[in-house]
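Asker: Dumping the structure here so I can ask a few things about it.
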Amino acid sequence: MMNMFRLGSVTTFLAMPLMAEDRGGDTLPPLTPETMPADVASLWATFDPVKDPLEMEVLHTYEKEGVTVKMISYVVGTFKGKKVRMGGYLACPSEAKGKLPGIVQIHGGGQRADPDYARGIAQNGYVVLSTNWGGRLMLHQEPGQPGEGKVGTDWAPLDATQKHNGWYASTKPDPLTYDDFDSPRNNNWFLINLANKRAITMLQHLDQVDSEKIGVHGHSMGGKLSVMLAGTDKRVKVAVPSCGGTGSAPAELKARKGNSARPRPLEPLYAKYIDDAKMLPLITCPIMYKGPHNDFNGLVSSMAFNWRNIPAETEVRYSMTPHMNHRHSKEGDFVDLLMFEQYLKGDFEVPKNPELKVDLKGDQYGPVITLRPDTSQEIESVEIFYSQDPNGQFRFNRSAEVKKQGDVYVASAPITSKNLGFFATANVNYKHPEHLKLQGPRWSKDPGKTFIISTNIEKFEIPEVQAANPAVTDSSTRMIQKSFANDGKPDWYRYSQRRLNTRKVRDPKWRGPIGAKLAVEVLDPAAKNVIMEFRFNDYSKYGREYPQGEFYAVVPVQPSADWQQVTVDINDLKPVKADQKGMPADWQTLDHLTLTHRLDVTVDGQPQTYHSNAKHGHGQQLRNMQWLGGQYPQTILMNGGGLELSPEAYEKQFSDQIDVSIELEEKVDGLKKAKQ
């Protein structure tokens, strides 16, 4: 097994050491502000990804469940006279016969190259290189591991890690950048993309890899990097970015009141050379965006604009998990493998995107949405979603009632107001191809019974809605959720069995009246509490005059075989954080509601744990969640009602979302947190 990976045409040599200030042997050519290439394509034409020797080093090797995994490092290039190395995990089926497709796997922010992820993909007949661009210790470099003390990723004399160049937004020079003037080559994204290009070269030089069949997949920051790689390297034959790569908000989106655009303006050279929105028009290989409706990083509102700029002849697909943030449901977990199976192996045909049409004028009930799906694979179900919420990051996507009429699916979409925009998308759930016998990494080993193929978002701004003049027939209702059978789907979602979540209470249709109490009926013979968590005014999008934060309510319940009603008043809420500034006065800025079976908080400086019952929540039933009492306000409060967050405050909340994502990966997926 030790020779599973052989370098075909790679040769190694000993280079004479260079002085730090001597750049005569550097990988990148000298540039000045005056000689800077005119565009993205010209900039990347100055880099030859196959010129420098790779000098691969194997730091550790092991075999698990029929896959050989090697922790390796390879030379990215020479910068300021010093060789920069990239670590990673290389995984290949141990008994592979013939040449296999290669996959570059790119981790996200705060993460590291993951041997389990690489092995999970490789077991399906691929050679996978998971790059460790973040520079953290890989698993087998940690103390007591076989690779302890061995060098994997070493960016010096540069630094492309998250410890340098906050938000990766700068192109300005400093001691850890390459050019001594304002330059895109100073940006972290540029350097990491360069390293991932070398990862393609690394795969292509392995005897086990078909050099013409290279795919890329990345999550979060790795999603953006996947788009960069696909847009700047024609060796990529298929790309599946996840939760990233939607591009910065265009001016049209920023003009929308209450939008989800990030407030920090882009530096000119970043906007010209680094923004993934600039890469999308250059992509010619098949590509799928894999992301949830409410991702904090891969903003679907930006995707709605920017992904339409991919060339018309490029095959584009979408797979969107409803309601989630920075994670996928089981039905979305395996779509990357399905894309690889089609475009790298020819073993499957992924259905084309469904055709979505919106008749804004509609009928007497309001707009009408029509969907025509690709019928090349067996369809299990169809979902059509719509909203009038201007903020794509936080909006609740209503599930419309769908009726099949011949080969199309039709849904009525009653609206709240003609003075709001209109946004629609749809999912077609196809039966998973069991004959492929695909398997994933240990935290998502088996595929779901179906997989999702989606539309992009059809968007209509306020003037378009007003010009169409649809009927306004929707009205508020006090009943939030009558039945929680089937986990309250399609309006509720889970990350884990402990927590059931919804954004439904953000929608004006189900928003709480002022002065109302939130009520729910519970049946639990072993009951202790009903536990709820609330998020108000996320990112202060309703305005900074309203309190923003996380709150909870624990309502004691007596064990009973009968249904009991419990209520929560706005004054019953308690802050999750001790330094909470202000408390909500009503429900108008409530963004998110969670029902949980366990809550760990600090009360009066002491840790406190609450449980819903003694059976980890098993056996507790809920029904008839509704608002009692109170009055509806005359004015509907929507995002954009106040001042936006400053860039610094926005970025703090963005960082908090990264921390939440990593925490979920640890708790739900069992991933071990990377050490610094």
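The values are calculated or read from the model by the stated rules, or taken from the named source; none is laboratory data. What you are looking at is a predicted structure, and each value in this text was computed from that prediction instead of being measured. Note: ideal-geometry Cβ built from the backbone for every residue, glycine included; neighbour counts use all protein chains shown. Just so you know, the surface numbers come from the protein's heavy atoms only, side chains and all, with ligands and any DNA or RNA stripped out. Shrake-Rupley method; radii C 1.70, N 1.55, O 1.52, S 1.80 Å.
Asker: Per 5 Å bin from zero, what fraction in whole % of the C-alpha pairs of segment 222-353 is there, up to the bin with the longest pair?
Answerer: 2, 11, 20, 23, 21, 13, 6, 3, 1, 0
Asker: Let me ask something additional. Starting from the Cα gyration tensor of segment 358-428, take the square roots of the eigenvalues, sort them a ≥ b ≥ c, and report rounded, prolate or oblate (rounded when a/c is under 1.5, otherwise prolate if a/b is larger than b/c, else oblate). Each step should come with its number before you reach the end.
Answerer: On the way: a/c = 2.73, a/b = 1.53, b/c = 1.79.
Because a/c hits 1.5 or more and a/b fails to exceed b/c, segment 358-428 counts as oblate.
Asker: Scan segment 391-438 for trypsin sites (Lys or Arg not before Pro) in coil per DSSP, keeping those whose Cβ has at most 10 other Cβ atoms within 10 Å, and list them by number.
Answerer: Numbers: sites: 395, 398, 403, 404, 418, 431, 437; in loops: 395, 418, 437.
Here the sparse-neighbourhood loop sites are 437.
Asker: Still on this model: Determine the dipole magnitude for segment 136-220: charges of +1 sit on the beta-carbon of Lys and Arg, -1 on that of Asp and Glu, nothing else is charged, the reference point is the Cα centre, and the result goes in debye to the nearest 20. Can you show the working numbers first?
Answerer: On the way: 8 positive and 11 negative charges, 29 e Å.
Its charge dipole is roughly 140 debye.
Asker: Considering only C-alpha atoms, what is the centroid distance from segment 550-610 to segment 295-364, in Å?
Answerer: Segment 550-610 and segment 295-364 have Cα centres spaced 36 Å from each other.
Asker: Which three numbers, in whole Å and largest first, are the semi-axes of the equivalent ellipsoid of segment 286-414 derived from its Cα gyration tensor as √(5λ)? Spell out each step's value before the answer.
Answerer: Numbers: eigenvalues 125, 75, 41 Å².
The three semi-axes for segment 286-414 are 25, 19, 14 Å.
Asker: Relative to the longest principal axis of the C-alpha atoms of the chain, give the angle of the C-alpha long axis of helix 221-232, reported between 0 and 90° and rounded to the nearest 10°.
Answerer: It works out to around 50 degrees.
Asker: Kirkwood Rh over Cα pairs of segment 91-167 into Stokes-Einstein at 25 °C, 0.890 mPa s: D in µm²/s?
Answerer: Details: Rh = 13.9 Å.
Approximately 176 µm²/s, per Stokes-Einstein.
Asker: Follow-up question, since we're still on this one. Just to confirm the number: angle between the C-alpha axis of helix 188-204 and the first principal axis of the chain, 0 to 90 degrees, nearest 10?
Answerer: Compared with the principal axis, the helix lies near 60 degrees.
Asker: Counting Lys and Arg as +1 and Asp and Glu as -1, each charge on the Cβ, what is the dipole of segment 71-165 about the Cα centre in debye, to the nearest 20? Write down the numbers at each step before the final one.
Answerer: Details: 11 positive and 7 negative charges, 70 e Å.
The dipole magnitude comes to about 340 debye.
Asker: Now a separate question. Just to verify a number: what accessible area does residue 616 come out at with the full protein assembly present, 1.4 Å probe, Å² rounded to tens?
Answerer: 150
Asker: What per residue convex hull volume, in Å³, do the alpha-carbon atoms of the chain yield? Present the calculation step by step, with values, prior to reporting the outcome.
Answerer: Numbers: hull volume 115.6 nm³, N = 676.
So the per-residue Cα hull volume is 171 Å³.
Asker: Using just the alpha carbons, could you tell me how many Å³ per residue the convex hull of segment 335-475 encloses? Provide the component values of the computation, followed by the final result.
Answerer: Values: hull volume 18.2 nm³, N = 141.
Hull volume over Cα atoms, normalised by residue count, gives 129 Å³.
Asker: Continuing with this model, one more query. The chain: longest stretch without exposed chymotrypsin sites (Phe, Trp or Tyr not before Pro) (DSSP loop, at most 16 other Cβ within 10 Å), sites themselves excluded? Each step should come with its number before you reach the end.
Answerer: Working: sites that count: 13, 181, 365.
Longest run free of exposed loop sites: 366-676.
Asker: On to the next question. Leaving out ligands and nucleic acids, and using a 1.4 Å probe, what accessible area per residue does the chain come to in Å²? Each step should come with its number before you reach the end.
Answerer: Working: 27230 Å² over 676 residues.
About 40 Å² of surface per residue is accessible.
Asker: Evaluate E = 1/(1 + (r/R0)^6) for residue 571 and residue 623, where r is the Cβ-Cβ distance and R0 equals 25 Å; express this FRET efficiency to the nearest 0.05. List each step's numbers first, then the result.
Answerer: Details: r = 25 Å, r/R0 = 1.00.
Rounded to the nearest 0.05, the efficiency is 0.50.
Asker: At a 1.4 Å probe radius, carbon and sulfur cover how many percent of the accessible area of the chain? The partial results should precede the final answer.
Answerer: Values: 13850 of 27230 Å².
That fraction is 51 percent.
Asker: While we're on this one: Going by a ≥ b ≥ c, the root eigenvalues of the Cα gyration tensor, does segment 471-587 fall in the rounded group (a/c under 1.5), the prolate group (a/b larger than b/c) or the oblate group?
Answerer: Values: a/c = 1.70, a/b = 1.22, b/c = 1.40.
Oblate, because a/c is 1.5 or more while a/b does not exceed b/c.
Asker: Measure nothing but the geometry: give the 0 to 90° angle between the long axis through the Cα atoms of 647-664 and the longest principal axis through the Cα atoms of the chain, rounded to 10°.
Answerer: Tilt relative to the chain: about 90 degrees.
Asker: Something else: For every helix of n ≥ 4 consecutive DSSP H residues, a contribution of -39,500 (n - 2.57) applies; sum these over the chain, divide by its total residues, and give [θ] at 222 nm rounded to the nearest 500 deg cm²/dmol. Each step should come with its number before you reach the end.
Answerer: On the way: 11 runs with 92 residues, N = 676.
Estimated from H runs of four or more residues: -3500 deg cm²/dmol.
Asker: Just reorder 264, 499 by solvent-accessible area, largest first, 1.4 Å probe, all chains present.
Answerer: On the way: 264 90, 499 65 Å².
Accessible-area ranking of 264, 499, largest first: 264, 499.
Asker: Would you mind calculating the gained length between residue 637 and residue 22 on full extension (0.36 nm times residue separation, minus the Cα-Cα distance), in nm to one decimal? Could you put the intermediate results ahead of the total?
Answerer: Working: separation 615, 0.36 × 615 = 221.40 nm, distance 6.09 nm.
Separation in residues times 0.36 nm, less the Cα-Cα distance, equals 215.3 nm.
Asker: Counting other Cβ atoms within 10 Å, which GluC sites (Glu not before Pro) in segment 480-558 have at most 16 and lie in a DSSP loop? Walk me through the numbers on the way to the answer.
Answerer: Working: sites: 521, 533, 545, 550; in loops: 545.
Taking segment 480-558 and a limit of 16 other Cβ atoms within 10 Å, the loop GluC sites (Glu not before Pro) found are 545.
Asker: Taking only the Cα atoms of segment 598-640, how large is their convex hull per residue, in Å³? Before the final figure, lay out the partial values.
Answerer: On the way: hull volume 8.7 nm³, N = 43.
About 203 Å³ per residue, rounded to a whole number.
Asker: As a quick test, which of the pairs 541/615; 234/489; 70/352; 163/197; 482/574 have an alpha carbon distance above 32 angstrom in this structure?
Answerer: 541/615; 234/489; 70/352
Asker: Just in segment 533-596: which trypsin sites (Lys or Arg not before Pro) are loop by DSSP and have at most 16 other Cβ atoms within 10 Å? Before the final figure, lay out the partial values.
Answerer: On the way: sites: 535, 541, 544, 577, 581; in loops: 541, 544, 577, 581.
Sparse-neighbourhood loop trypsin sites (Lys or Arg not before Pro): 544, 577, 581.
Asker: Under 8 Å for C-alpha pairs, at least 6 residues apart: give me the relative contact order for the chain, rounded to a whole percent. Write out the running numbers ahead of the final one.
Answerer: Working: 1633 pairs, mean separation 68.4, N = 676.
Worked out over the chain, it gives 10 percent.
Asker: Follow-up. Between residue 212 and residue 313, what FRET efficiency comes out of the Förster formula 1/(1 + (r/R0)^6) with R0 = 25 Å and r the beta carbon distance, rounded to 0.05?
Answerer: Numbers: r = 20 Å, r/R0 = 0.79.
It comes out at approximately 0.80.
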